[in-house]
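Quick notes on the structure that follows.
Each reported figure results from applying straightforward, stated rules to the coordinates on display, with no laboratory input. A quick note: this is a predicted structure, and the numbers were derived from the prediction, not measured. With ideal geometry, Cβ positions are generated from the backbone for all residues, glycine too; neighbour counts draw on all protein chains shown.
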Amino acid sequence: MPLARRRYTELSFLVFASLALIACKGKESASMADTTSAAPAAAADTTAPAAAPASPTATTLSDANIVALLDEVNMADSMLGAAALPKATNSQVKQFAKLMMGEHHALRVKGQLLAKAQNITPEKPAQDPFTSAVQNEQSALGSAAKGHAYDSTYIANEAGIHQAVIAWADSAENQAQNQALKDLIKAAGPVLQKHLDRAQAIQKVLH
């Protein structure tokens, strides 16, 4: 259900603030999991998550902004999946990483083809709501020890970032002017929800 434009700033701030908390929680679980070695646990504890991104302005995003942000999040999730695959040890986490690589790459290709067909030149907004979230996940994964700690951190961050993207996509669909772009965002919704559901299910297993 699309959200009203006037709530876009509030929503972005709340979603990404909660994302930072989720990532932090994931790292706490990671440090507790590695009880056999004090050094990795300390690394996970002392690495602070990146600050939540600044809230975007209330100005409506253009189609060029939306296309650029869609491309960014799809590229980031595909890239993070590729990085996680050789480091993950849980079979379900490995399968999830492969899913992220394949399906977010496919979503990215669709977005690029649409931009070309509709003559939309991607242009990031002055305030990018996803940069800090992606950097935060990269930092969390970089400090997590291989094994349960890494698996838990990756899945916790993926659950959080998918929640953020789903919430943002609702607003982006409402703001988009191009009908083909609206349709693309709507079609991506079930895919993103499937990813979130899967990540949350794996979280329960890992705990």
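Going by average Cβ neighbours within 10 Å, how do the peptides 185-196, 134-145 rank, with the highest at the top?
Values: 185-196: 15.9, 134-145: 20.7.
Highest-to-lowest ranking by the protection proxy: 134-145, 185-196.
Within the range 77-117, whose backbone N sits under 19 Å from a point 7 Å along Cα→Cβ of GLN177?
114-117
Along Cα→Cβ, 7 Å out, is where each label goes; now give me the distance between the ones at LYS194 and MET79 in nm to one decimal.
Result: 2.5 nm between the two label points.
Which lysines have a Cα lying under 28 Å from the Cα of LYS110, excluding residues fewer than 8 positions away in the same chain?
LYS94, LYS98, LYS124, LYS182, LYS186, LYS194
Given the Cα-Cα distance of LYS98 and ALA64 and 0.36 nm per residue of separation, how much length would full extension add, in nm?
Additional length available on full extension: 9.3 nm.
Between GLN138 and ALA187, what is the FRET efficiency for a Förster distance of 22 Å, r being their Cβ-Cβ separation, to the nearest 0.05?
0.20
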